[in-house]
1. Against the condition of a type in the set (Lys, Arg), under 23 Å from Glu136 (Cβ atoms) and touching a helix residue (DSSP H, G or I) at 6+ places or on another chain (Cβ under 9 Å), how does Arg105 come out, does it pass?
2. Out of Asp98, Asp119, Asp102, Asp88, which single residue is without any contact (Cβ under 8 Å) to a residue 24 or more places away in the chain and among the acidic types (Asp, Glu)?
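Each value in this text was obtained by applying a stated rule to the coordinates, not by laboratory testing. Just so it is clear, the model here is predicted, and its values are computed rather than measured. Counting neighbours? That spans all protein chains shown, and the Cβs are built from the backbone with ideal geometry, glycine included.
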Amino acid sequence: MQYLHTMIRVSNLDDTLRFFCDLLGLVEVNRYENEKGKFTLVFLSAPDDLGLAKERKAPLVELTYNWDSEEEYGNGRAFGHLAYRVQDIYALCQRLMDNGVDILRPPRDGHMAFVKSPDGISIELLQAGDSLPPQEPWVSMENKGSW
């Protein structure tokens with residue numbers, strides 16, 4: 001058995017790609033547009049998994065965009081979050097915050113943070129290696145909402 005991908009439905013492909021690629025740093029590996037079915041699939045990889053993703057088409061996040069859908073996608077409680085190991089959790093959280101992304105669970109401990117995608121998908125960010133020393137403004141930040 002081999003893990004392949006996790007699919008999430010998105011309501012605005014441009015906003016979602018900006019979040020995952022421009023802000024989080026994921027890389028688009030493949031795109032499939034189906035005129036007849038009126039949908040687009042975009043497969044994303046974490047940069048450190050890119051070679052593996054191209055070779056095995058895994059592990060990936062699949063964004064599914066249905067062109068004509070006006071359906072609002074809810075997130076059931078059975079699905080929790082996507083998690084990514086990052087090189088500098090403080091720098092990434094600052095970049096996200098500078099671009100209007102709410103830091104729902106700030107990295108007060110220098111190790112873990114939570115944010116959400118434009119469609120409300122929880123994203124856990126985990127510091128690679130040892131936790132970074134606690135620092136402001138993160139230490140004093142309160143949690144927001146849910147993740």
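1. Considered against the rule, which asks whether it is of a type in the set (Lys, Arg), under 23 Å from Glu136 (Cβ atoms) and touching a helix residue (DSSP H, G or I) at 6+ places or on another chain (Cβ under 9 Å), Arg105 comes out as no.
2. Of Asp98, Asp119, Asp102, Asp88, the one residue that is without any contact (Cβ under 8 Å) to a residue 24 or more places away in the chain and among the acidic types (Asp, Glu) is Asp98.
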